[in-house]
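Here's the structure, in structure tokens; my notes come after.
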Amino acid sequence: MAYTETRTVSYGSRLGNSFKGIGTGFVMLIIGTILLWWNEGNFVKTEKMLEEAQGACVHVEDVTKVDPEYEGQLIHAIAPTSTKDSLSDPMFKVGAVCVKLSRDVEYYQWVENKHEEHRDKVGGGEEIITTYTYEQKWVSSPESSASFKEAGHTNTVKITGIDDESEIAENVKFGGYDLPGFLISQISGFKDLDINLPADQVIDLSKRAGGSSVLSNGVAAQEVNDTTAAAPANLAETNMIHQQGNVLYIGRNSGSPEVGDMRITFKYVTAPKAASVIAKTQGETFAKFVAKNGKTLSVLSVGSHSMEEMFQTEHDNNSLLTWVLRIIGVLLIIGAFKSIFGILYMLFKVLPFLADIVEMGVGLVAGILGIAWSLIIIALAWIWYRPVIGCIILAIVVGLIAYGVMSGKKAKAAKPAVEPAPAQ
């Protein structure tokens, strides 16, 4: 199923948009430049913080008891964790003694997909063909079908008011220490939480979903007594509620979903048998290590990891983040130059074949300028934060530019002159 609409944009409108693109391009250039500068500084500051922390960190073999000897020090330790907190889902009342509990809700909905095809027209105008296609799939939030281009794809939800939910324990022990919230939040390892709702809740959910109020064993809702209500829900499900493992399915048939059906998944995290921590001791708990440059460090990893492994992981994470942001910054700057110079190829859109050639040239120039600009910003940032390395990078950039200019001049000088034709 697809719906197509076609609209035409005049040459004047396209030129106007190109002029607006110049302003957008300068904004992107500023954002990209600031991002690259900040990113390089953040990398250097984080590296210095990690070096300072690693030099100050001491390994503590036994943390079953709080040792005053290490008060206020940055330590590395490996110990079992435990909690007595019982977390419960506020709506469905399912839970366990655990560190984290989550409820994830999905909806089976119509989804509108949009695809645009742009075609240049002689004279500078543009024809935009937009195709809308529709598919049914599971999504994390309800889709509004009111704005769908094609009718007949109406979305519904079986029960409203059920959203994602998460709970986290407040009291988790690490040996003899109490873990603070910022370390508890780093505990990972979700597992499926098998559920078994009581019969009365199953009946209520089914009625809200528009299903039957009769249990699968034939008992009517009004006949449910205390004994029946406490019966395992998998023996007393209605036609709209299905439980399997950690999934609560709201719909007629979990094997053949319909628009409006819901799928609710429950997961939890138990206290790990072993965890590795790098943090500053503070009484019976931990605080974040604060370096001289203001950067902080506090790490918890599930499992047994040496101090060297944990610091290496932090160095690797810092490098990875830096490269990701570098790429984003470079792409922003290349896109900025393309927007700024976009007016050049737009002027030639009256002849589409000629505009395509100019557009390729603009893209090439934007790429070269974008990379050069990015390298210069990175080099200047390193000169500011680490002068020696920054000067080396800047020298390489200047050398590459000089090499490109000289190569062009040599190629031009080597081009043979056209000899005049001999006289007849």
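The values are calculated or read from the model by the stated rules, or taken from the named source; none is laboratory data. Fair warning: this is a prediction, and the values are worked out from it, not measured in the lab. Reconstructed Cβ throughout: ideal geometry from the backbone, glycine too, with neighbour counts over all protein chains shown. Please note that ligands, DNA and RNA were not included when accessible areas were found on the heavy atoms of the full protein model with its side chains. Shrake-Rupley method; radii C 1.70, N 1.55, O 1.52, S 1.80 Å.
Can you name every residue in the stretch 329-347 that is open to solvent by less than 60 Å² (accessible area, probe 1.4 Å) and farther than 26 Å from residue 11 by Cα? Walk me through how you get there before you give the answer.
Going through the stretch 329-347, the residues open to solvent by less than 60 Å² (accessible area, probe 1.4 Å) turn out to be 329-330, 332-337, 339-340, 342-343, 345-346.
Of everything in the stretch 329-347, those that are open to solvent by less than 60 Å² (accessible area, probe 1.4 Å) and farther than 26 Å from residue 11 by Cα turn out to be 329, 330, 332, 333.
Sort out which residues of the stretch 118-148 are open to solvent by 30 Å² or more (accessible area, probe 1.4 Å) and under 13 Å from residue 11 (Cα atoms), and write them in order of number.
The answer is 119, 120, 121, 122, 123, 127.
On the given criteria, is residue 72 part of a loop (DSSP other than H, G, I, E, B) and either exposed (fewer than 15 other Cβ atoms within 10 Å of the Cβ) or in contact with a Cys (Cβ under 9 Å, 6 or more places away or on another chain) (or both)? So that I can check it myself, show each step before the final result.
Details: part of a loop (DSSP other than H, G, I, E, B): yes; either exposed (fewer than 15 other Cβ atoms within 10 Å of the Cβ) or in contact with a Cys (Cβ under 9 Å, 6 or more places away or on another chain) (or both): yes.
So residue 72 fits the description; yes.
Name the residue that is nearest to residue 42 (Cα to Cα), counting only residues in the stretch 342-364 that are at pLDDT 80 or above and in contact with a Leu (Cβ under 9 Å, 6 or more places away or on another chain).
362
How do the pairs read when you match residues in the stretch 13-25 that are in contact (Cβ under 8 Å) with a residue 40 or more places away in the chain with residues anywhere that are surrounded by fewer than 16 Cβ atoms within 10 Å (Cβ to Cβ) and part of a helix (DSSP H, G or I), using Cβ under 9 Å and keeping only pairs 6 or more apart or on different chains?
Correct list of pairs: 18/344.
From the set of residues in the stretch 6-36 that are at pLDDT below 90 and not in a helix (DSSP H, G or I), which is nearest to residue 113 (Cα to Cα)?
This residue is 7.
If residue 326 satisfies every condition in (1) open to solvent by less than 40 Å² (accessible area, probe 1.4 Å); (2) closer than 30 Å to residue 153 by Cα but one, which is the exception?
Against the list (1) open to solvent by less than 40 Å² (accessible area, probe 1.4 Å); (2) closer than 30 Å to residue 153 by Cα, residue 326 comes up short only on (2).
Within the stretch 181-192, count every residue that is outside any helix (DSSP H, G or I) and buried (at least 19 other Cβ atoms within 10 Å of the Cβ). Please lay out each step first, then the result.
Applying the first criterion (outside any helix (DSSP H, G or I)) to the stretch 181-192 yields 185-192.
Next, from what is left, pick out any that are buried (at least 19 other Cβ atoms within 10 Å of the Cβ): 187.
Total satisfying the criteria: 1.
When you scan the stretch 120-139, how many residues do you find that are under 12 Å from residue 2 (Cα atoms) and free of Cβ contacts under 8 Å to residues at least 40 places away in the same chain? It would help to see each step written out before you state the result.
So in the stretch 120-139, the residues under 12 Å from residue 2 (Cα atoms) come out as 130-135.
Still in the running and free of Cβ contacts under 8 Å to residues at least 40 places away in the same chain: 135.
Count: 1.
Going through the stretch 280-290 one residue at a time, which ones are of a type in the set (Gly, Ala, Ser) and either over 28 Å from the mean Cα position of the chain (by Cα) or within 22 Å of residue 84 (Cβ to Cβ) (or both)? Please lay out each step first, then the result.
The initial filter retains those residues of the stretch 280-290 that are of a type in the set (Gly, Ala, Ser), namely 283, 287.
Within the stretch 280-290, just 283 meets the criteria.
Which residues, counting only those in the stretch 105-117, are open to solvent by less than 40 Å² (accessible area, probe 1.4 Å) and free of Cβ contacts under 8 Å to residues at least 60 places away in the same chain?
Correct list: 111 only.
Quick one: count up the residues across the stretch 247-303 that are crowded, with 17+ Cβ neighbours inside 10 Å, polar (S, T, N, Q) and assigned to a loop (DSSP other than H, G, I, E, B).
Residues in the stretch 247-303 being crowded, with 17+ Cβ neighbours inside 10 Å, polar (S, T, N, Q) and assigned to a loop (DSSP other than H, G, I, E, B): 2 in total.
For the stretch 151-164, enumerate the residues that are of a type in the set (D, E, K, R) and surrounded by 15 or more Cβ atoms within 10 Å (Cβ to Cβ). Reasoning before the result, please.
Here is the first cut: in the stretch 151-164, the ones of a type in the set (D, E, K, R) are 158, 163-164.
Listed by number, the list holds a single entry, 158.
Go through the residues of the stretch 84-103 one by one and say whether even a single one is within 29 Å of residue 385 (Cα to Cα), among the polar types (S, T, N, Q) and under 33 Å from the mean Cα position of the chain (by Cα). Break it down stepwise before answering.
Our first condition is that a residue be within 29 Å of residue 385 (Cα to Cα); within the stretch 84-103, this holds for none.
Within the stretch 84-103, none of the residues are within 29 Å of residue 385 (Cα to Cα), among the polar types (S, T, N, Q) and under 33 Å from the mean Cα position of the chain (by Cα).
Scan 358, 365, 350 and give me the residue that is closer than 22 Å to residue 14 by Cα and in a loop (DSSP other than H, G, I, E, B). Spell out how you get there, then give the answer.
On the way: 358 fails: in a loop (DSSP other than H, G, I, E, B); 365 fails: in a loop (DSSP other than H, G, I, E, B).
Sole residue among the options that is closer than 22 Å to residue 14 by Cα and in a loop (DSSP other than H, G, I, E, B): 350.
Would you be able to tell me the number of residues in the stretch 70-88 that are among the charged types (D, E, K, R) and either within 21 Å of residue 290 (Cβ to Cβ) or in contact with a Ser or Thr (Cβ under 7 Å, 6 or more places away or on another chain) (or both)?
From the stretch 70-88, those among the charged types (D, E, K, R) are 71, 84-85; that's our starting set.
Next, only the ones that are either within 21 Å of residue 290 (Cβ to Cβ) or in contact with a Ser or Thr (Cβ under 7 Å, 6 or more places away or on another chain) (or both) stay: 71.
Qualifying residue count for the region: 1.
Considering only strands (runs of 3 or more DSSP E) fully contained in the stretch 75-180, which possess at least 3 residues that are modelled with pLDDT under 95? Spell out how you get there, then give the answer.
Details: elements: 86-88, 95-97, 100-120, 126-139, 165-168.
Hits in the stretch 75-180: 100-120, 126-139.
Give me the residue from the stretch 23-58 that is out of contact with any His (no Cβ under 8 Å at 6 or more places or on another chain) and acidic (Asp, Glu) and, out of that set, surrounded by the most Cβ atoms within 10 Å (Cβ to Cβ).
For the stretch 23-58, the residue satisfying everything is 40.
Taking the options 223, 237, name whichever one is modelled with pLDDT under 90 and within 26 Å of residue 106 (Cα to Cα). Explain how you work it out, then say what you get.
Values: 223 fails: within 26 Å of residue 106 (Cα to Cα).
Being modelled with pLDDT under 90 and within 26 Å of residue 106 (Cα to Cα) holds for just one of 223, 237, which is 237.
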